[in-house]
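Some notes on the structure that comes next.
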Amino acid sequence: MNPPLSRIFGPAALVLLLLAGCATRPPADDPEALQEFRENNDPFEPANRALFEVNEAIDKAVLQPIAEAYRDLLPKPVRSGIRNVLGNLRTPTILIGDLLQGNMTRARETTGRFIVNSTIGIGGIVDVGRRYDVHGHSEDMGQTFAVWGMGEGFYMFVPLLGPTTARDLTGFAIDVYTNPQSLIGQGYALDAWNYTRIGMTVVDTREALLEPFDMVRKTSLDPYATLRSAYRQRRSFEILNKDGPGGAVAPAGGVGFGQSVMEPQ
Amino acid sequence: MREFKLSRRLLLAGLIGLAGTKAQAQQMDITRATAFVDKAGQDLVNAINDPRLNQAQRRDKVAGILRSAIDIEGTGRFILGRHVRQASPAELQDYLKLFDEIIIRNLSARFGEYRGVRFSLGRSQQRTEEDALVSTLVERPNNPAFTLDWRVAEINGQPRVVDVIAEGTSLRLTTRSEYAAVIQRNGGRVASLLDAMRGQIAQLAAREGG
């Protein structure tokens, strides 16, 4: 989604992958270990763990401090407004998901919310739909693939993007490609706008995850494994559209961290 | 209907008695499960919001309520999973003691932060023959509400919590993956998990100041 970053991290990821190699399959005479291996479905686990550590280092040095400063410096109404705008901008992706999954009720909600929030809500700053009890929801292509019956494929950890699977990463690439904002025209202003949007999405998402991340780092004996399990559970919850009442539209789509993105604190 | 249920339970109990096995999980009645969660939840909320308690007292009170509401041994065994059989009796005993301490410390610390919390019952549903899933809504001032589901099983004739599920993420499933990974990455030794758990308790104790 961010060319310069992918140019840096693409080759780095490849090198790490080659260095770290693949996970060792348990021997065939241990059926339970073998079943656990299949359920984890993490054939590149050593490489994924290395990338997870890379992400931890980047996060502690850069992302987390920025997210904390963002929360400290901007008052809650401003952060709420930013989250609402970013969520509103995700409408095309969400609507495509609703439609491809054949969920017309949710498609109508998404459309209605977009019209009302973009106009009365001043470009999406105010979530007017929510005040009338038409709550937002998230969708993405990975979820649509799942609804169509596609399996999740192997697990992956991508720095800056977080936990994902072969299916969800493919879906994410399609979501980026089908986003009208990455299609219309070219030029300096548009590039600047897109970078701002992507940057704000990263900061807003990380801010939403400050507490859950802290908790996992504090309480888990193996944060990598905890995150892998939480991601899968959270995704199946999202795929079944079981989001709780406090949910808001996650600007980055399903963050899959075992909780829904909510109003800023 | 009620009589039928009762007699079926008696029959079941009789059969189990005859077979001479120790049954841990029996059929869970949804009304009882709901009443149980309601009571435990209200007790927790009252302890968390009690202005007469200082932080240490509050933590102790919350820990006491959690200890009587959760089936710690059953949950601990579920989480250790297939490694229960690998563990020596002494290791298993150590593990259950450490697990008790970690789960109570973690949950008390987390719930202890929820000052001003309110809690209400949501829709309830029976899930399997063995346990019931009771859905609740947790509300805090200046925070969006979230759903917390409690899996309740009948343990030795009493309803007990065997899992909490926050917005789709089950605590016991996540912890099972975590512990399995620690064991697997340390040559399949349960002892390595016990070491890691001891280290964690020391850290938690240091942070709480005691």
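Every number here is computed from the coordinates shown, using simple stated rules; none is lab data. Just so you know, these numbers come straight off a predicted model, no measurement behind them. A quick note on method: Cβ atoms are made from the backbone with ideal geometry, for glycine too, and the neighbour counts reach across all protein chains shown.
Data table
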read-out: Residue-wise HN-Hα coupling along region A:163-168, computed from phi with Karplus coefficients 6.51, -1.76, 1.60 (Hz; x: Gly, Pro); value: x, 7, 10, 3, 5, 5
read-out: For A:240, B:194, order by how many other beta-carbon atoms lie within 10 Å, fewest first; value: A:240, B:194
read-out: Percent breakdown of C-alpha pair distances by 5 Å bin, ordered from the shortest bin, for region B:8-204; value: 1, 7, 14, 17, 18, 16, 13, 9, 4, 1, 0, 0
read-out: Stokes-Einstein diffusion coefficient of region A:86-198, Kirkwood radius over Cα pairs, 25 °C, 0.890 mPa s, in µm²/s; value: 160
read-out: Virtual spin-label span in nm between residue B:140 and residue B:110, 7 Å along Cα→Cβ; value: 1.1
read-out: Efficiency of FRET between residue A:28 and residue B:82 - r from beta-carbon atoms, R0 25 angstrom, step 0.05; value: 0.95
read-out: Calculated FRET value between residue B:60 and residue B:192, using beta carbons and R₀ = 30 Å, to 0.05; value: 0.45
read-out: Full-stretch length increase - residue A:191, residue A:111 - with 0.36 nm per residue and alpha-carbon distance subtracted; value: 26.2 nm
